[in-house]
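Readers should treat all values here as calculations from the given coordinates under stated rules, not as data from a laboratory. What you see is a predicted model; the values in this text were computed from it and never measured. Counting neighbours? That spans all protein chains shown, and the Cβs are built from the backbone with ideal geometry, glycine included.
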Amino acid sequence: MADPLDHLFQNARRIQPSPELWARIAADASREMPFQAASPHRSLREATSRPSLFLEGLLALAAAVALLAFPVFRPFSDPSSLATAAAFDATLASALNPAEERPEILDDETITWLASLGEIAY
Amino acid sequence: MSMLLSSLLSAVDTNPKDALPAASSALSPLEKQALERIRGGDLQGLKTLYDMHALNLLNQSWRILQNRAAAEDSVHDLFLKLPEALKGFRGESSLRTWLFRAMHNHCLNLLSIESNRRALLRRELPSEEPLSQEPMASTALENHDLLQRALDYLEPDTRSLLWLKEAEGLSLKELVAIFEEPEGTLKARLSRAREKLRFILAKEFDHG
């Protein structure tokens, strides 16, 4: 004789998911990270074809060329060198105060006087 | 709550290599395809797993929590965390067993949280009418179900064990993977639970 408990379990009522349940899961899952993250299977070609990556590469190249072309920035590469730092300070100072380096403009009278003293060849 | 579920799911089955099983026999071809699609960020992969397993998981949860709305919420939470949690699935058991285990742990935690919340409310509102001792308020649907009313008398963990064995037809080996108890212990628990249920049905429901 069959156990009535077996019958009870085998004929137990089962509930069905409400139609909204999947819609709710789908809506919330779409906002979760795994569905927005890049696929690990994406090819290298796809990855490098991104415009942002291309621009990033271009900027890096431009920065490298700029460093080679303008040696004034090189002292930054060796901050431990006092001599290099001092040279850089002088260069920077002259760049910031060009008037100090500019020769004075002498008037004609002064030039004639200096020439008479033999100080300059006129 | 979702953080808790995440930790539960990660505790179910962890894989240090953080990868899906390469060619696990524990996965059906359809499940394997679905997992690959999920990894690729395709929501349709999740829908495939939902169509395959949601009904069974919902009923397992319903029998443990004894509340339809709470059961649907638990399925929602589980599927929402599934894409991340599946990275830890090693394929040592079938995906169905792995999901039953995750749902079992999730439901017991929900009941524990609910129980703590009720205990806190009872302490904070001593003059109020005592709250129901039931884990979650039952609806008319649950009250009309004879089995559900009988299962009410059992502990949630035992309800889950009985349901998975008797209604879902899980093998003892699968139950060992879910409950992490020796086969002999589970056999004894099942036998005692059946006896108790038989007694409850005879005592409480034979007279109407």
| note | Along region B:175-180, Karplus-curve 3J(HN,Hα) (6.51, -1.76, 1.60; θ = phi - 60°) to the nearest Hz, with x for Gly and Pro, reads 5, 4, 5, 7, 8, 6
| message | Can you compute the modelled spin-label distance between A:Glu109 and A:Arg13, with each label point 7 Å from Cα toward Cβ, in nm? | response | 11.9
| said: 7 Å from Cα along Cα→Cβ at both B:Ser171 and A:Asp3: what's the point-to-point distance in nm? | reply: 2.0
| request: For A:Arg31 paired with B:Gln44, estimate the spin-label separation in nm (one decimal), with each label point 7 Å from Cα along the Cα-to-Cβ line. | output: 2.5
| query | Taking other Cβ within 10 Å of each residue's Cβ, how do B:Ser28, B:Ser94 sort, fewest first? | reply | B:Ser28, B:Ser94
| note | Cα-Cα longer than 27 Å, checked against B:Lys165/B:Lys196; B:Lys32/B:Lys173; B:Lys32/B:Lys81; B:Lys47/B:Lys187; B:Lys165/B:Lys203; B:Lys173/B:Lys203, kept in input order, equals B:Lys47/B:Lys187; B:Lys173/B:Lys203
| field | Linear extension gain, A:Leu61 paired with A:Ser116, 0.36 nm per residue minus alpha-carbon span | value | 13.9 nm
| remark: For A:Ser18, other-chain or 5+-apart residues with amide H closer than 5 Å (H placed, Pro excluded) are none
| If amide H atoms are built 1.01 Å from N in the plane of the peptide, which residues on other chains or at least 5 residues away come under 5 Å of the amide H of B:Glu155? | none
| query | Under the Karplus relation 6.51 cos²θ - 1.76 cosθ + 1.60, θ = phi - 60°, what is the ordered set of whole-Hz ³J(HN,Hα) values for region B:26-37, x standing for Gly and Pro? | reply | 6, 10, 6, x, 5, 5, 4, 5, 5, 5, 5, 5
